Each structure stands twice: as C-alpha cells, then as structure tokens.
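Only one structure is covered here, and it is reproduced in the block below.
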Amino acid sequence: MYSKINTCVLQGLTGYKIEVEADISKGLRSFNMVGLPDTSIKESKERVRAAIANIGYSFPRGRLTINLAPANLKKEGSQMDLTIAVSILTAMGEIIEPPSEEVAFLGELSLDGRILPVEGALPMIISLQSLGLKKCIIPLENKEESSMVKGIELICVEDLKEVVEYLNGERKIEPFVSDGLFEFENREVFDIDFSDIKGQLMLKRAMEIAAAGEHNLLMIGPPGSGKTMAAMRLPSILPKMTFEEAIECTKIYSVSGELGKRKMIIHRPFRDPHHTSSSVSIIGGGRIPKPGEISLAHNGALFLDELPEFSKSTIEVLRQPLEEKNITIARAQASLTYPANFLFIAGMNPCPCGYNGDPNHECNCSAGQIQKYLNKVSRPILDRIDIHVEVQPVKFSELTDKGKEESSDAIRERVQKARDIQKKRFEKENISTNGLMSSRQIRKYVVLSEELEKVIQTAFQKYKFSARSFNKILKLTRTIADLEGSEEIKSAHLMEAIRYRTIDQKYWG
C-alpha cells in the first residue's frame, strides 16, 4: 500500500516541491521517517498519529515508512503535517481516489485534527504555482495572504476530517476567491505629519532628498532637537508601494511570522529597533535563518535611534547590506539570502551627554570621551550614508511661530514626481532610484560641466573625500536636480550635495 502527495518547503523565500511518499507493509509495528527531516517534522509523527485517531480512523498496525523526496534537500517546518496525514490515509485506503499530481497540501495538525495556520504560506503558494501546480489545500487562517496568488485554486479547510470528506467527494468546498486584490488608490492616513515640525528647514529638506532618491541619512544633534520626531514622519512622505513591492514585503513578513491577520503589507515598512537589539535580530539568523530587521524594512525604512548606543559589531554588520541591498546568512543547517533594500535613517548625539556644541547647554564630556563615543560609528559606515545633517535646537521664536508649516502631502507630491523621473530614466536599467546607481550609471546619468568638475575636484581635495563619498555626492546631485525637475545639473545642486558630506569633518576630523 503506497501513496505520494505533494507539499512545499522553503529555503529563504524560495519554495521547493516535496513529494511525501507513504508505504505500509507487513512487519512489526513501526513509524519511520526518512529524507532529511528536521526536529519539527520528526515530531509530526505524534501529531499525525493522534489526529488520525481522533477523527475516527485506526492508525496502521504494520511497518509505516514516510519518505520526503528529494532526499538531499533539508526540510523544516510544521506545514508538512497535513500532507503526511493525507499520504498515510491514502495508503490505508481511507481516501479512495489518490489526489492528483497537480494538488499540494499545507497545514499543521493539532492533536484533535484541527488544521492550524503555517508561516510562509504566501511564498510557498507562489512557488507551487510557478512549478505548475493547479490546486492547494491550505489552512483556513492562511486564506487571505494566499489569495494574492492567481492561477492556483485554494481550498481552505479547518480540520483533517473535512479534508478526507472533500477528497472522497462527500463534501463540496468551493475554491476561495479574494474580495479584491491590492487597492492602489487607498489613501494612506497618517496620525503624524511634517507640519508638526517647527523650524528645522535643513532637516526637512534632507528628509525630502533622502525619500526622493532613496539616500541614507544620518542626523547629528542634541537631545530634543527633533531627530526622532522627523524620522517617525518619514513614512508620510515616501511614495506608495507598487503591487510587486507589496508582494515582496508580504512574503518576508509571512516567512518571519509577523504577517498576523493582515492580508497584505500595503504600506512601506518602518522599523525602529531598540539599541539593545542584537546583531542576529537586526541582520537575521537562527538555526534555520529567519529575516531580521533589515529584511523586514525591505522597500521601506530602517531607523536606528541613538546609533552609537548599538554595539559596534551590530553597526558594522550593516556594511554589506547597505551596499549589496541583500543579506546572506550562512549557518551549518543552511545558507540563505534575503532582500534588504531599505532606506537607512540614523540619529545620534554629538557626545555622550548630548550637548557638545549646544548653545543652550554646557557639555561636560572630556575630549577623550567625545572621541571614544564618536568612534563607535566607523568611517566605513559613515561612507555608506549619503546625507549627514547637523540638527540644531529649535528656537523659541520658531516654536511659537503661528505660520503654517508645509504638510507631508505637499512634500510627498514632490518626492513622487522625482521618483517618476527616475523610474523613466532607469526603465532599461535594473534599478529604480538614484541611490542605487552603480559607477557606470553615475558616469552615464550624472554629467557635470567643466566648471562643476573643478568645483567637485576642489571639494574632494579639501575635505579628503573617499571614492565612495565622491560617488554619493554625485548621486545626491542628481536627486536634487530631479526634485527641481531639471535635467541639467547646476551649480546650486552640486553645492548642496557637497554640504551634506562636510559635517562629518567637524566631528570625525
């Protein structure tokens, strides 16, 4: 008595079809599972045994062997419970007609036969659909996220008994169809707005440029100057997500188990982990690597407040993802790559007490303490941050000014126009924003006049810019010009971009 049923396992965000074979033969009663199962799959033997018994069927008495093919691929996750149970029941003859080769099963079993939701349902469904499968039986609680995928029927079930009756033709279950896909025109409503920020024109300008070209931003200033306040309002000026970006984010949140009851991630993520967070929580990891904060911020923003308070090792591991826009996590069990294309925003004080250079407070830190504090943020990290802006305390006259500050909607409109220019410019390239330009693309799209060449040369020699900083300035120049709708790069665009790279000379020398 033999059966073969399809399911899926994930390696990162990629799903692989797994054939669960069940064979029942004569011999001493035993239950063996082969094919590189991990602990969670090995434990499924007890869940499957109890679930089958508790829905009214007798567990086979002979020698039961479960093979997970292909045998050379490591398998992990509880989503194989339902497939194993269906495979056993088919081999026993309780399921009369074996399911088609075009059908797959996903679901974790409870001891009483209920089918529980699984993590990573969306990327598994996407992978199964791309592999040519036509139907998938899934837990009822995974129906919303799974319905984002077209071209595959979704049969949503609540318990194992229901699955058996459906496969035997005793119960009819209509395929689940979502009441609507991604609502592009849904207007995002934010409780906070850039109009709440009094003064700080340079900071708001830097935020606008960062959002328009996807440029990383570092804010340096004393406590209470508005760094965190501005960063928290960044999502209100970021462009709306496209459907493709929303699918990418939803896959990551599904794998990490953070999707919850949300159907889809439709707003750009904004992650702001505490400075006590470990390197693993920021980058991702674990025995079987899971996405970290940098991947959960994919297509959105990652805000690290009090940057020097993070451990130096945590800050340094950001080097590679800031450049490559992905992260590869190698472990003994697996080596996985997750996307990490995020806008990096950081805030920090100029010294341990926070008041170095503050006209309203006296700094009580020694030169050695200040230098030690600043050195927690290394030159290589500074080089990877496009915009460095100094934030001064807000003046009383600015706080009490009755004038109306510019709203997030007005800023977002300019940001969106700049993004549209970049999208058209890079339609034949593999990027979408100026911040992602390679050296070749910089030479192609950032053309300076002879006069501006002399300006950047003088600045390069005076401020001792690195090659990476030089490229960052050119990218910023292109974005500033795009915000003005200018194809030609002018002197004012270049001078403003240079200004955003000179402040670190004051602190780091």
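The values are calculated or read from the model by the stated rules, or taken from the named source; none is laboratory data. Keep in mind that what you see is a predicted model, and the values were worked out from it rather than measured. Don't worry about glycine lacking a Cβ; one is built from the backbone with ideal geometry, like all the others, and counts go over all protein chains shown.
Of note:
- Summed over region 83-94, the residues that are over 33 Å from the mean Cα position of the chain (by Cα), within 15 Å of Tyr2 (Cβ to Cβ) and either among the acidic types (Asp, Glu) or surrounded by 21 or more Cβ atoms within 10 Å (Cβ to Cβ) (or both) give a count of 7.
- Considered as a group, the residues in region 193-246 that are more than 23 Å from Asp386 (Cα to Cα) and among the acidic types (Asp, Glu) include one that is farthest from the chain's Cα centre (by Cα), and that residue is Asp196.
- Any hit, region 266-276, residues being over 15 Å from the mean Cα position of the chain (by Cα), over 27 Å from Phe310 (Cβ atoms) and in the same structural domain as Thr328 (by TED's automatic domain parsing): no
- Summed over region 467-508, residues that are polar (S, T, N, Q) and under 18 Å from Gln422 (Cα atoms) total 4.
- Some residue of region 443-450 being surrounded by 16 or more Cβ atoms within 10 Å (Cβ to Cβ), touching an Asp or Glu at 6+ places or on another chain (Cβ under 6 Å) and within 30 Å of Ala340 (Cα to Cα): no
- When Lys251, Lys240, Lys261 are checked against the criterion of being in contact with a Pro (Cβ under 6 Å, 6 or more places away or on another chain) and either assigned to a helix (DSSP H, G or I) or in contact (Cβ under 8 Å) with a residue 24 or more places away in the chain (or both), Lys251 stands alone in meeting it.
- Of all residues in region 49-70, those satisfying the criterion of being assigned to a helix (DSSP H, G or I) and over 17 Å from Leu28 (Cβ atoms) are Ala50, Ala51, Ile52, Ala53, Asn54.
- Enumerated helices (runs of 4 or more DSSP H) restricted to region 457-509, each holding at least 2 residues that are under 32 Å from the mean Cα position of the chain (by Cα) and at pLDDT 95 or above: 467-483, 491-499
- Take the conditions (1) surrounded by 19 or more Cβ atoms within 10 Å (Cβ to Cβ); (2) without any contact (Cβ under 8 Å) to a residue 60 or more places away in the chain; Glu43 misses just one of them, which is (1).
- Residues that are farther than 17 Å from Thr228 by Cα and among the hydroxyl-bearing types (Ser, Thr, Tyr) were ranked within region 329-364; the one that is surrounded by the fewest Cβ atoms within 10 Å (Cβ to Cβ) is Ser335.
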